[in-house]
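Each remark here refers to the structure printed beneath this line.
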Amino acid sequence: IVTGASRGIGRAIAIELGRHRALVVVTARTKNEQDGSANVYQTAQVVEADGGRALPLPADIRDEAQVRAMIERVLDNYNRIDILVNNAGIMVGDVPFVETTSSLWREIIEINLTGAFLCCRAVIPSMLRQGTGVIINMSSGAATRTGFLNVPYGVSKAGLDRLTLGLSA
C-alpha cells in the first residue's frame, strides 16, 4: 500500500514497486477518475503499463472509516499486506507561525501524522498475524531543522519520526 500515490514521491514509489513485481495498492484522495488531475487511476495505469499489477483505491487517510474500508478490501482480495508506505502529506510552503490558522494546523497534522497513525493501526494486526511486514513512514529534515517557516509541517514530521520510533520499539 502506498499512500499519496497520485503524484510526486508516492507515485514514483508505486511505479518502482510495480517494476519489482509487487502488487501495488495505489491510494490517495482522488475524487474523480475523469477530472483530468493526477489520480490513483493514472498511477495504476502506469504501474500496469510497466508490467506491474496495481489496485487503485481512493481514500482520505484522515478518515478512519475510509482507512478501515481500504485495508479490509485489500485483505479480502489478497489476504495479506506486506508493505505500507505512509507517504501522503501536504506542505504548503513558508507560513510564519503568527499567520498559521488553526484550520491549516489541523489539516497538516491530520494528513501528515494522524493519517499515518490510522494506516499503521489498521495494518499492524494483519502484519502481526502474518509474522512479517514493513512500514515505511516518509519524514523530512523539517522534523529537526530550525529556521523552517512552516511550524505545523515540522511538528507533523517530528511526530511521525516519534511514531516510527515507538512502533519500532
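The values are calculated or read from the model by the stated rules, or taken from the named source; none is laboratory data. Here the structure is a predicted model, which means the values were calculated and not measured. Methodologically, a virtual Cβ is constructed for each residue, glycine included, from the backbone with ideal geometry; neighbour enumeration extends over all protein chains shown. The protein model used for the area step is the full one, side chains on, heavy atoms only, and it has no ligands, DNA or RNA in it. Shrake-Rupley method; radii C 1.70, N 1.55, O 1.52, S 1.80 Å.
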Quiz item: What are the residues in region 112-169 that are more than 23 Å from T100 (Cα to Cα), among the polar types (S, T, N, Q) and open to solvent by 60 Å² or more (accessible area, probe 1.4 Å), if any?
Solution: T132, S168
Exercise. Output the number of the condition that R19 fails; it satisfies all remaining conditions of (1) open to solvent by less than 80 Å² (accessible area, probe 1.4 Å); (2) modelled with pLDDT of 95 or more; (3) touching a helix residue (DSSP H, G or I) at 6+ places or on another chain (Cβ under 9 Å).
Key: (1)
Quiz prompt | Residue within region 105-116 that is at pLDDT below 95, aromatic (F, W, Y) and either more than 14 Å from the chain's Cα centre (by Cα) or closer than 19 Å to G166 by Cβ (or both) present | solution = no
Practice problem: Consider only pairs whose beta carbons are under 8 Å apart and that are at least six residues apart or on different chains; among these, list those whose first residue lies in region 41-70 and is open to solvent by 50 Å² or more (accessible area, probe 1.4 Å) and whose second residue is among the acidic types (D, E). | Solution: Y41/E33; R62/E110; Q66/D60
Quiz item: Using beta carbons and a limit of 6 Å, which pairs, at least six apart or on different chains, have the first residue in region 132-160 and at pLDDT below 90 and the second one assigned to a strand (DSSP E or B)?
Solution: N150/V95
Quiz item: Only one of these conditions is not met by W105: (1) touching a helix residue (DSSP H, G or I) at 6+ places or on another chain (Cβ under 6 Å); (2) without any contact (Cβ under 8 Å) to a residue 24 or more places away in the chain. Which number is it?
Solution: (2)
Quiz prompt | Single residue of E99, E107 found to be among the charged types (D, E, K, R) and either within 17 Å of T3 (Cβ to Cβ) or crowded, with 20+ Cβ neighbours inside 10 Å (or both) | solution = E107
